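The values are calculated or read from the model by the stated rules, or taken from the named source; none is laboratory data. All figures in this text were calculated on a predicted structure; none of them were measured in a lab. Glycine gets a Cβ as well: all are built from the backbone with ideal geometry, and neighbour counts include every protein chain shown.
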């Protein structure tokens with residue numbers, strides 16, 4: 001399960017020519033829409049890297065206009081500025097996306113989740129899965 005791997009893999013993930021990447025780094029990635037037909041360049045949260053692939057959750061600033069059902073899967077970042085984001089943001093945990101690390105990691109990370117946000121995100125995902 002992704003959450004188990006996420007918890008077990010705290011620490012160094014990969015060293016590239018752009019620098020070192022860690023779990024919970026906020027990066028810019030080409031995130032596919034759920035229809036798989038197009039992409040959007042947006043912030044994303046790295047939750048796992050394994051060889052040539054990285055798993056991540058997309059980050060969004062759109063919340064108020066979403067349905068209550070969708071809002072339930074959005075984790076609010078308390079320390080979004082510290083994560084390198086320019087406005088209040090949410091981690092969308094409804095689906096983890098996978099991209100090739102070389103494709104995704106073409107820019108250095110924007111920042112990193114604060115320890116409080118990281119711990120609260122783990123709890124949020126755990127609670128969400130228990131109640132699903």
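Set side by side, the residues 64, 83, 114 differ, and just one is in contact with a helix residue (DSSP H, G or I) (Cβ under 9 Å, 6 or more places away or on another chain) and buried (at least 17 other Cβ atoms within 10 Å of the Cβ), which is 83. The criterion of at least 2 residues that are modelled with pLDDT of 85 or more is met, among helices (runs of 4 or more DSSP H) falling completely within the range 1-104, by 68-71. The set of residues in the range 111-132 being over 29 Å from residue 52 (Cβ atoms) and either at pLDDT below 90 or within 12 Å of the chain's Cα centre (by Cα) (or both) consists of 131, 132.
Within the set 108, 76, the sole residue that is under 17 Å from residue 24 (Cβ atoms), surrounded by 11 or more Cβ atoms within 10 Å (Cβ to Cβ), within 16 Å of the chain's Cα centre (by Cα) and free of Cβ contacts under 8 Å to residues at least 24 places away in the same chain turns out to be 76. Here residue 108 meets each of (1) at pLDDT 95 or above; (2) in contact with a strand residue (DSSP E or B) (Cβ under 6 Å, 6 or more places away or on another chain); (3) on the phi < 0 side of the Ramachandran plot with one exception, condition (1).
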